[in-house]
Amino acid sequence: MGTIRNILPDEFSNFTITDKSYSLLIKGLPGTGKSSLALELIARSPNAFFISTRIDPEAIIEDASWLDEIVPENRKYPFFIDATRSGKVSKNKSIQKMNFETIPEFVQQFFTLGSDLPHRIFVIDSWNAVIGNLSETQIHHWESAIVQRVQGKNDKIIFVVEGIKDSALDWMVDGHAILSKRSIVSSHGISRRIRELSFPKMRGIEIYNETYLMTLAKGRMKTFPPFKYRFPAILLKSRTIPDSDEQHISSGSVDFDNLLGGGFQKGSYNLFEVSTIVGDGLDIILFPLITNHLNNKRAVISILREGITFDTKKPYFDVFTGNKNWVKQSMNFERFVPGEDSHRITLPETIEGLLNRIENIKDDFRKDNGQTILINIGLDVLENMYGIPALNEFMAILVSKARLEGDVVVGWLKENQEYRGGTTAATSQWKIDLINRALVLEGIIPATEYFAIESVLVKGYIDYSITPVL
């Protein structure tokens, strides 16, 4: 993973990446990722100290192996301060022992750490272990004293607190972050766990999105920004991803191929249900799929979704394929096509006529190219044109023929569509949705956890990453 701006919200980055003093409270129930967040915030700073009062720093180092790549090698002082009072002395040079009996001794000792360094950052993980036997009045006194002292020294302090109970520290600090995990029951009745990072308070920072979806996949914290539908600023030809084996075709994404077990199975029907709040977000999956299929010199038949015309998509495919002749590999059905066009056709008046046209087009494609045909279907336009009984019959025939002939059918279903047929025939079924405005994918068949989808546009073509929300 990259810098803190790649893994944490902009609001959080803007608050913490500063030479100015600040105090920050991180709290949440056990296992929500508080220590991971604190480590991400300070690991890159040569002037930071992680004071562990409850967990042996050697255990932290073992769990967070990524720290070796992030913590600066030229640090003057050890990064970890072992304040667990365990009596153990580590041989690890990145760990320094702190011995104390009282809180005045604790405060005095940690403020002497790196006393010759400017803009120090202290993490106390956890503050609970330090103040466990103190009265409310004493706790308030020491919290106030520490906050005032870091301000006077132009240092920074991060308190890590177990639990979510409100305290005087909440209003005393400049920033307040809450980590949580909860279960969501999807519209298909599947319960999945998600993690969230909220920050109700960041003094001096405008908060655009108060709660973010996050993950601890691979032992690293990462949050997912609100999804924005956009194309690369400069368009370039897409890379071509080969099929993993003879039984699959690539989805156009290495991440999704891995999730699918090698890509879409030949002879399969793959259904995508799209939440009404996603809008054109499905194009982040659709464009790479079609582009890669074309770049692999295979044919595509598309029945465009309601409200979509090929005129709006063609310029992108011209660039992403690097060849305007790709239209010879494509046929696209639309509600109405003005004039004659070799790769666009108006949807027939009857569904029987549509089936016949598709069969004729497939035969023509196979004469020139005997490889797998991708059949991409906007199910909403077919429901609106022909009705549900006719659509049920159409899909049953189309899917059965695809299985016999080894083609791949991909259907796009709107969340609020009345049509629900074909789900039992699906080889794989997925739903695209938003959680805290982040784009997510969930597997219905097979049932999976949530995966966050992020656009990757720096390559000049549409690509995306898929990260499990764990």
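A few points about this structure:
- Test for Met221: is it of a type in the set (A, V, I, L, M) and out of contact with any strand residue (DSSP E or B) (no Cβ under 6 Å at 6 or more places or on another chain): yes
- Residue count for the stretch 216-230, restricted to those that are under 30 Å from Pro315 (Cβ atoms), surrounded by 15 or more Cβ atoms within 10 Å (Cβ to Cβ) and either touching a helix residue (DSSP H, G or I) at 6+ places or on another chain (Cβ under 7 Å) or aliphatic (A, V, I, L, M) (or both): 1
- Condition met for Pro104 (more than 24 Å from Arg220 (Cβ to Cβ) and assigned by TED's automatic domain parsing to the domain that holds Gln138): yes
- Annotation note: of Ile361, Ile301, Ile345, the sole residue that is outside any helix (DSSP H, G or I), among the hydrophobic types (A, V, I, L, M, F, W, C) and either more than 20 Å from His248 (Cα to Cα) or at pLDDT below 95 (or both) is Ile345.
- Unique residue being assigned to a helix (DSSP H, G or I) and either of a type in the set (Lys, Arg) or in contact (Cβ under 8 Å) with a residue 12 or more places away in the chain (or both) when the list is Ala452, Ala426, Ala447, Ala402: Ala402
- Checking Leu282 against (1) surrounded by fewer than 21 Cβ atoms within 10 Å (Cβ to Cβ); (2) of a type in the set (A, V, I, L, M, F, W, C); (3) more than 36 Å from the chain's Cα centre (by Cα), the condition it does not meet: (3)
- When the stretch 123-161 is limited to residues that are part of a helix (DSSP H, G or I) and of a type in the set (Phe, Trp, Tyr), the one that is farthest from Met202 (Cα to Cα) turns out to be Trp142.
- In the set (1) surrounded by fewer than 20 Cβ atoms within 10 Å (Cβ to Cβ); (2) at pLDDT 95 or above; (3) outside any helix (DSSP H, G or I), the condition left unmet by Ile194 is number (1).
Conditions (1) over 25 Å from Asn154 (Cα atoms); (2) without any contact (Cβ under 8 Å) to a residue 24 or more places away in the chain; (3) touching a helix residue (DSSP H, G or I) at 6+ places or on another chain (Cβ under 6 Å); (4) not aromatic (Phe, Trp, Tyr), marked per residue:
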site	(1), (2), (3), (4)
Asp82	no, no, yes, yes
Gly87	yes, yes, no, yes
Asn92	yes, no, no, yes
Gln96	no, yes, no, yes
Glu101	yes, yes, no, yes
Leu113	no, no, no, yes
Ile131	no, no, yes, yes
His140	no, no, yes, yes
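- Residues of the stretch 17-62 classified as closer than 17 Å to Phe122 by Cβ, among the β-branched types (Val, Ile, Thr) and in contact (Cβ under 8 Å) with a residue 60 or more places away in the chain, total: 5
- Residues that are crowded, with 17+ Cβ neighbours inside 10 Å, in contact with a Pro (Cβ under 9 Å, 6 or more places away or on another chain) and closer than 27 Å to Ile139 by Cα do occur in the stretch 94-104.
- Test for Pro288: is it outside any loop (DSSP other than H, G, I, E, B) and not basic (Lys, Arg): yes
- Residue check for Pro9: surrounded by 17 or more Cβ atoms within 10 Å (Cβ to Cβ), farther than 29 Å from Ile194 by Cβ, out of contact with any helix residue (DSSP H, G or I) (no Cβ under 8 Å at 6 or more places or on another chain) and touching a residue at least 24 places away in the same chain (Cβ under 8 Å): no
The values are calculated or read from the model by the stated rules, or taken from the named source; none is laboratory data. On a predicted model such as this, the values are computed, not experimentally measured, just so you know. Backbone-built Cβ (ideal geometry, glycine too); neighbour counts: all protein chains shown.
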